[in-house]
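Data block below; observations after.
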């Protein structure tokens, strides 16, 4: 028997392995869009669960070209984002982007008061005098500082009350815009106080990047955390590293597998393909299982079908961004989606068709003869 050895399974590309500072993902870099016009570059969605689809492979260089293929998919619910402000950026002496001013909408939803207390209405009591009451910037101030503005982004908040998520506090995020500065300013003024939908950002059969905080598993040992080999039964400690470092010099290198935090870390995945975007009620009913997705419920507002699995548990906010790198190959190129599984016990199309054929054959078949009838027919020389 071949000796199986797995000394180190944990990736060294992520260090230190500590908990994420915040659960809501945010992107530092955005792709350079070559399209004419202005459109949002990123979005926030909620992970509902996973299922699978069947479709005919349309990639000519694939081994399964023209055949029915099985593709695992992730369902993300995409309630529209509400634009509550515009953030203008300028450059400091070092050439780095720095926030210049924020312009907020006239009417702010009640949900934002739970997240940001500065939106609450001031009381009747007069101010003491040390710190004057803050005044929000207006569009007139925004127009007056146009010469200093270098970048413009939208300030949005999610609407979990529209989705199947039992929480009232929304997530706040920034949405980057494509195009030149004039187009960004005009688009931001138009969308202030309105909603941004997933169809405004992405299209079907498009590659996107996702960012999420992975499922937290707490403090784990080096065997589960890094996949080190378990020592023999005569060792003092079987589920630990035999030697963590030398005595002289008495140091401990960071590459040594140690116990600690596992999961709940930021991870970015590139080039996930959008197979379908659905916002109509008939599209939503196609993907909803009878009892809803496990630990989530039913999708209510709209959804995005992504090929493959993504990081994070159900109900977690997932950041979506237009692809920053071109994919190496055309993966998951399907002519159409023929079947979407809504149950683990639901059979595929081929099994259903085969079951129907067998049923029809049984109905057409004559009743089975007894053993005595078959013997008498054999004696007489009759054909079966």
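Couple of notes before you dig in:
- Residue 327 assigned to a loop (DSSP other than H, G, I, E, B), in contact with a strand residue (DSSP E or B) (Cβ under 6 Å, 6 or more places away or on another chain) and exposed (fewer than 15 other Cβ atoms within 10 Å of the Cβ): yes
- Among the residues of the stretch 276-291, those that are assigned to a loop (DSSP other than H, G, I, E, B) and either modelled with pLDDT under 90 or over 19 Å from the mean Cα position of the chain (by Cα) (or both) comprise 280, 289, 290, 291.
Per-residue answers, yes or no, for (1) closer than 30 Å to residue 332 by Cβ; (2) out of contact with any helix residue (DSSP H, G or I) (no Cβ under 8 Å at 6 or more places or on another chain); (3) loosely packed, with under 15 Cβ neighbours inside 10 Å:
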site: 205; (1), (2), (3): yes, yes, yes
site: 213; (1), (2), (3): yes, yes, no
site: 219; (1), (2), (3): no, yes, yes
site: 236; (1), (2), (3): no, yes, yes
site: 240; (1), (2), (3): no, no, no
site: 256; (1), (2), (3): no, yes, yes
site: 259; (1), (2), (3): no, no, no
site: 269; (1), (2), (3): yes, yes, no
site: 273; (1), (2), (3): yes, yes, no
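- Reported count of residues in the stretch 275-294, each being free of Cβ contacts under 8 Å to residues at least 40 places away in the same chain and exposed (fewer than 14 other Cβ atoms within 10 Å of the Cβ), is 5.
- Failed item in (1) touching a helix residue (DSSP H, G or I) at 6+ places or on another chain (Cβ under 8 Å); (2) under 19 Å from residue 327 (Cβ atoms), with residue 72 passing the rest: (1)
- All positions within the stretch 21-58 that are over 18 Å from residue 78 (Cα atoms), part of a loop (DSSP other than H, G, I, E, B) and touching a helix residue (DSSP H, G or I) at 6+ places or on another chain (Cβ under 8 Å): 37, 38
- The set of residues from the stretch 294-313 being assigned to a loop (DSSP other than H, G, I, E, B) and under 16 Å from residue 162 (Cα atoms) comprises 296, 298, 299, 300, 301, 302.
- Among the residues of the stretch 57-68, just one is surrounded by 16 or more Cβ atoms within 10 Å (Cβ to Cβ) and touching a strand residue (DSSP E or B) at 6+ places or on another chain (Cβ under 6 Å), namely 57.
Yes/no per residue for (1) closer than 18 Å to residue 321 by Cα; (2) more than 24 Å from the chain's Cα centre (by Cα):
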site: 16; (1), (2): no, no
site: 23; (1), (2): yes, no
site: 31; (1), (2): yes, no
site: 41; (1), (2): yes, no
site: 61; (1), (2): no, yes
site: 64; (1), (2): no, yes
site: 77; (1), (2): yes, no
site: 85; (1), (2): no, yes
site: 95; (1), (2): no, yes
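The values are calculated or read from the model by the stated rules, or taken from the named source; none is laboratory data. Since this is a predicted model, take the numbers as computed values, not measurements. Neighbour counts are summed over all protein chains in view; Cβ atoms, including those assigned to glycine, are modelled from backbone coordinates with ideal geometry.
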